[in-house]
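Undergrad: My questions will all concern the structure given below.
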Amino acid sequence: MIPGRRNPAAVRRVMTLLLLLSCLSSLQSQEVYPGKTWTLAPGFSTAFLQPLASGTSGGGLGMSLTAEDLFPRVRFGFSGGYNYLLREGNGLLPFPSFSLQGGYRFPLSSLLSLYPVAEFSLLWPADETGFTLSSALSAGAAADLHLYKRNYLTLDAQLVFPFSKNIPPYLSFQMGIKHTIPFMVAVPPVGLKLRVEPDYFSPDGDGEADLLEIRMDLTNSRSVKKWEINIFDQKQTELFSLSGQGTPPPQCYWDGYSSSHELVSSASDYSVRATTWDILGNPETRTRPFVTDVFVYKEGGKLKIRVPSILFPPGSADFTQLSVEERNRNRDIIVRIAATLRKFPEYRILIEGHGNLIHWESPEMADREQEEELVPLSRARALEVRRVLIDEGIPWKRLDVAGQGGSSPIVPFGDEQNRWKNRRVEFILLK
């Protein structure tokens with residue numbers, strides 16, 4: 001009896017049974033972990049072989065084991081199978097095979113991926129003298145269709161060139177089932193470092209320090225799946241955010257305007273928070289504070305400096321009631337304001353005090369609060385700032401004061417999170 005001769009009907013029954021068993025195994029599958037693992041994928045397949053020469057046809061049964069995404073989108077593995085050709089007049093020609101295969105994945109959707117593949121095979125065709133060793137090269141394309149959890153329908157079409165006188169070149173069409181077994185990817189930490197420049201951010205359009213430069217230096221950029229940058233004011237209210245997928249750009253820039261197009265205030269504290277997530281979903285976060293310089297901006301045809309960070313005691317304009325640390329902070333801010341005002345010697349300066357209405361919901365009570373409390377208090381606070389500016393060498397003849405109270409709010413009085421911005425001192429430059 002010729003080695004390897006088998007009943008083709010029996011072979012087909014075995015292949016059908018294996019396919020049914022692999023389909024039933026999908027009921028026990030676990031979740032798919034896309035992008036977080038590499039996978040080991042055992043599979044079963046049946047094949048239809050169509051030689052390029054007429055008068056023959058064939059089939060086969062195979063088992064495979066492939067490693068996928070150990071390197072991004074790359075799969076490689078090996079397979080073994082039993083194949084046969086039905087030759088006219090010569091009966092059944094069986095040839096067991098062992099193959100090494102490589103491919104590269106192109107995801108077409110969440111359900112379907114396409115792989116160009118190349119394969120090297122060892123073949124053992126059988127004849128009256130026994131099995132002889134031969135080899136083959138093949139190339140083609142494969143597709144994986146996601147069925148359920150970690151189970152896939154596999155389709156494979158290849159053109160095979162055997163180096164054997166017994167086996168002609170043929171087309172191989174395979175269909176099968178594979179089951180993926182996930183292994184966690186060894187992901188090195190991203191190693192995020194955050195840098196923010198300049199030391200004093202001044203978005204006034206003069207060409208110096210107009211943009212805030214944000215740099216995320218990464219030790220392992222290939223580990224990054226996504227990233228996000230958030231900018232907060234001193235009350236930790238988010239002003240601006242930027243995000244993306246994959247490796248972040250070398251640097252990002254911010255012009256000082258919030259998402260609602262509100263410009264930052266002078267001499268105020270802000271912070272940048274940068275977060276990266278690796279492909280396993282692990283976050284790394286870094287935060288850096290930054291300070292705005294005293295800068296002049298144009299609003300309504302007027303040049304202004306807006307400073308909400310000068311501190312006053314509740315209901316008072318007297319700096320001496322503050323702590324030593326708070327008084328020193330106020331003086332540092334006013335010294336920087338004085339340095340900016342010296343750059344505009346031809347301008348007079350109107351110092352305006354602004355405050356928050358408490359009884360804003362009642363027009364009658366709001367009017368009384370404005371006239372009896374807020375206007376006098378905001379004027380007294382403007383006078384206190386004027387006094388320190390004079391101490392810093394700004395001529396008193398250049399400095400006028402006004403108490404605006406709650407007449408010009410920046411944000412609605414009912415906005416509890418942001419109404420602190422209404423309590424401020426503004427410097428208006430007038431010719």
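Undergrad: Answer with yes or no whether residue 140 is exposed (fewer than 14 other Cβ atoms within 10 Å of the Cβ) and either acidic (Asp, Glu) or more than 19 Å from residue 71 (Cα to Cα) (or both). Talk me through it step by step, then tell me what you get.
TA: Details: exposed (fewer than 14 other Cβ atoms within 10 Å of the Cβ): no; either acidic (Asp, Glu) or more than 19 Å from residue 71 (Cα to Cα) (or both): yes.
Considered against the rule, which asks whether it is exposed (fewer than 14 other Cβ atoms within 10 Å of the Cβ) and either acidic (Asp, Glu) or more than 19 Å from residue 71 (Cα to Cα) (or both), residue 140 comes out as no.
Undergrad: Given the structure, is residue 6 more than 30 Å from residue 222 (Cβ to Cβ), among the basic types (Lys, Arg) and either at pLDDT below 85 or in a strand (DSSP E or B) (or both)?
TA: yes
Undergrad: Just for segment 329-348: of the residues that are of a type in the set (D, E, K, R) and part of a helix (DSSP H, G or I), which one is least open to solvent (accessible area, probe 1.4 Å)? Reasoning before the result, please.
TA: The initial filter retains those residues of segment 329-348 that are of a type in the set (D, E, K, R), namely 329, 331-332, 336, 342-343, 346, 348.
Among the residues that remain, those that are also part of a helix (DSSP H, G or I) are: 329, 331-332, 336.
Values: 329: 85, 331: 97, 332: 95, 336: 58 Å².
Here the residue is 336.
Undergrad: Please go through (1) part of a helix (DSSP H, G or I); (2) modelled with pLDDT of 95 or more for residue 326 and return the number of the only condition it doesn't satisfy.
TA: Going through (1) part of a helix (DSSP H, G or I); (2) modelled with pLDDT of 95 or more one by one, residue 326 breaks only (2).
Undergrad: Can you tell me how many residues in segment 191-208 are in a loop (DSSP other than H, G, I, E, B) and modelled with pLDDT of 90 or more? First the steps, then the outcome.
TA: From segment 191-208, those in a loop (DSSP other than H, G, I, E, B) are 191, 198-199, 202-208; that's our starting set.
Filter again for modelled with pLDDT of 90 or more, leaving 191, 198, 202-203.
Count: 4.
Undergrad: Still on this structure, please answer the following. Any chance you could count how many residues in segment 411-431 are without any contact (Cβ under 8 Å) to a residue 40 or more places away in the chain and of a type in the set (A, V, I, L, M)? Walk me through it before giving the result.
TA: Going through segment 411-431, the residues without any contact (Cβ under 8 Å) to a residue 40 or more places away in the chain turn out to be 411-412, 415-416.
Add one more test, that the residue is of a type in the set (A, V, I, L, M), and what stays is 411.
Residues flagged as without any contact (Cβ under 8 Å) to a residue 40 or more places away in the chain and of a type in the set (A, V, I, L, M) within segment 411-431 amount to 1.
Undergrad: In segment 274-289, how many residues are of a type in the set (A, V, I, L, M, F, W, C) and either without any contact (Cβ under 8 Å) to a residue 40 or more places away in the chain or open to solvent by less than 10 Å² (accessible area, probe 1.4 Å) (or both)? Walk me through it before giving the result.
TA: Here is the first cut: in segment 274-289, the ones of a type in the set (A, V, I, L, M, F, W, C) are 274, 277, 279-280.
Add one more test, that the residue is either without any contact (Cβ under 8 Å) to a residue 40 or more places away in the chain or open to solvent by less than 10 Å² (accessible area, probe 1.4 Å) (or both), and what stays is 274.
Qualifying residue count, segment 274-289: 1.
Undergrad: Here is a follow-up. Mind checking which residues of segment 317-328 are within 22 Å of residue 292 (Cβ to Cβ) and open to solvent by 100 Å² or more (accessible area, probe 1.4 Å)?
TA: 325
Undergrad: Looking at segment 295-315 only, could you name the residues that are open to solvent by less than 30 Å² (accessible area, probe 1.4 Å) and without any contact (Cβ under 8 Å) to a residue 60 or more places away in the chain?
TA: Correct list: 313 only.
Undergrad: Are any residues in segment 216-236 surrounded by 14 or more Cβ atoms within 10 Å (Cβ to Cβ) and closer than 30 Å to residue 415 by Cα, and if so, which ones?
TA: 228, 229, 230, 231, 232, 233, 234
Undergrad: Can you tell me which residue is least open to solvent (accessible area, probe 1.4 Å) among those in segment 395-426 that are outside any strand (DSSP E or B) and small (Gly, Ala, Ser)?
TA: Taking segment 395-426 first, the residues outside any strand (DSSP E or B) are 395-398, 406-423.
Of the ones still in play, those that are also small (Gly, Ala, Ser) are 406-408, 414.
On the way: 406: 7, 407: 68, 408: 53, 414: 42 Å².
The selected residue is 406.
Undergrad: Could I ask something else about it? For segment 175-186, give me each residue that is buried (at least 21 other Cβ atoms within 10 Å of the Cβ) and β-branched (Val, Ile, Thr).
TA: Answer for segment 175-186, where residues must be buried (at least 21 other Cβ atoms within 10 Å of the Cβ) and β-branched (Val, Ile, Thr): 177, 180.
Undergrad: Sticking with this one: Please work out which residue is farthest from the chain's Cα centre (by Cα), limiting yourself to segment 74-128 and to residues that are modelled with pLDDT of 90 or more, open to solvent by 30 Å² or more (accessible area, probe 1.4 Å) and of a type in the set (S, T, N, Q).
TA: Across segment 74-128, the extreme among qualifying residues is 79.
Undergrad: Still on this structure, I have one more. So is residue 207 touching a strand residue (DSSP E or B) at 6+ places or on another chain (Cβ under 9 Å) and either over 15 Å from residue 286 (Cα atoms) or not aromatic (Phe, Trp, Tyr) (or both) or not? Show your work before the answer.
TA: Working: touching a strand residue (DSSP E or B) at 6+ places or on another chain (Cβ under 9 Å): no; either over 15 Å from residue 286 (Cα atoms) or not aromatic (Phe, Trp, Tyr) (or both): yes.
Criteria not met by residue 207.
Undergrad: Determine which member of the set 45, 57, 64 is under 25 Å from residue 167 (Cα atoms), more than 37 Å from the chain's Cα centre (by Cα), modelled with pLDDT of 90 or more and surrounded by 15 or more Cβ atoms within 10 Å (Cβ to Cβ). Working first, answer last.
TA: Working: 57 fails: modelled with pLDDT of 90 or more; 64 fails: more than 37 Å from the chain's Cα centre (by Cα).
After applying the criteria, what remains is 45.
Undergrad: Does residue 271 meet the test of being in contact (Cβ under 8 Å) with a residue 40 or more places away in the chain and either surrounded by fewer than 19 Cβ atoms within 10 Å (Cβ to Cβ) or within 16 Å of the chain's Cα centre (by Cα) (or both)? Please lay out each step first, then the result.
TA: On the way: in contact (Cβ under 8 Å) with a residue 40 or more places away in the chain: yes; either surrounded by fewer than 19 Cβ atoms within 10 Å (Cβ to Cβ) or within 16 Å of the chain's Cα centre (by Cα) (or both): yes.
So residue 271 passes the test.
Undergrad: Looking at segment 284-293, is at least one residue among the aliphatic types (A, V, I, L, M) and closer than 30 Å to residue 192 by Cα? Spell out how you get there, then give the answer.
TA: Initially, segment 284-293 is screened for residues among the aliphatic types (A, V, I, L, M), giving 291.
Add one more test, that the residue is closer than 30 Å to residue 192 by Cα, and what stays is 291.
Yes, the conditions are met somewhere in segment 284-293.
Undergrad: Taking only pairs six or more apart or across chains, which ones have beta-carbon atoms under 8 Å, a first residue in segment 373-398 that is more than 11 Å from residue 351 (Cβ to Cβ), and a second residue that is open to solvent by less than 20 Å² (accessible area, probe 1.4 Å) and assigned to a helix (DSSP H, G or I)?
TA: 392/334; 392/338; 393/338
Undergrad: Same structure again: Given the criterion closer than 30 Å to residue 212 by Cβ, among the β-branched types (Val, Ile, Thr) and open to solvent by less than 20 Å² (accessible area, probe 1.4 Å), identify the matching residue among 160, 190. Full working, then the answer.
TA: Numbers: 160 fails: closer than 30 Å to residue 212 by Cβ.
Going through 160, 190 in turn, just one is closer than 30 Å to residue 212 by Cβ, among the β-branched types (Val, Ile, Thr) and open to solvent by less than 20 Å² (accessible area, probe 1.4 Å): 190.
Undergrad: Looking at the structure I just gave you, is residue 172 open to solvent by less than 40 Å² (accessible area, probe 1.4 Å), at pLDDT below 95 and either more than 23 Å from residue 48 (Cβ to Cβ) or charged (D, E, K, R) (or both)? Quick ask: steps written out before the conclusion?
TA: Values: open to solvent by less than 40 Å² (accessible area, probe 1.4 Å): yes; at pLDDT below 95: yes; either more than 23 Å from residue 48 (Cβ to Cβ) or charged (D, E, K, R) (or both): no.
Answer is no for this residue.
Undergrad: Would you check if there is a residue in segment 143-152 being assigned to a loop (DSSP other than H, G, I, E, B), basic (Lys, Arg), surrounded by 14 or more Cβ atoms within 10 Å (Cβ to Cβ) and modelled with pLDDT under 95? First the steps, then the outcome.
TA: Filtering segment 143-152 down to residues assigned to a loop (DSSP other than H, G, I, E, B) leaves 149-150.
When the remaining residues are screened for being basic (Lys, Arg), the result is 149-150.
Restricting the remaining residues to those that are surrounded by 14 or more Cβ atoms within 10 Å (Cβ to Cβ) gives 149-150.
Add one more test, that the residue is modelled with pLDDT under 95, and what stays is 149-150.
Within segment 143-152, one or more residues are assigned to a loop (DSSP other than H, G, I, E, B), basic (Lys, Arg), surrounded by 14 or more Cβ atoms within 10 Å (Cβ to Cβ) and modelled with pLDDT under 95.
Undergrad: Quick one: in segment 249-265, of everything that is out of contact with any helix residue (DSSP H, G or I) (no Cβ under 8 Å at 6 or more places or on another chain) and open to solvent by less than 20 Å² (accessible area, probe 1.4 Å), which residue is farthest from residue 335 (Cα to Cα)?
TA: Taking segment 249-265 as the starting set, the residues that turn out to be out of contact with any helix residue (DSSP H, G or I) (no Cβ under 8 Å at 6 or more places or on another chain) are 249-264.
Applying the additional criterion that residues be open to solvent by less than 20 Å² (accessible area, probe 1.4 Å) yields 252, 254, 256, 258, 264.
Working: 252: 31, 254: 27, 256: 23, 258: 27, 264: 20 Å.
Restricting to residues being out of contact with any helix residue (DSSP H, G or I) (no Cβ under 8 Å at 6 or more places or on another chain) and open to solvent by less than 20 Å² (accessible area, probe 1.4 Å), the top hit is 252.
The values are calculated or read from the model by the stated rules, or taken from the named source; none is laboratory data. The structure presented is a predicted model; accordingly, all values stated were derived computationally and were not measured. Note: ideal-geometry Cβ built from the backbone for every residue, glycine included; neighbour counts use all protein chains shown. Quick note on the areas: whole protein, heavy atoms, side chains included, nothing else; ligands and nucleic acids left out. Shrake-Rupley method; radii C 1.70, N 1.55, O 1.52, S 1.80 Å.
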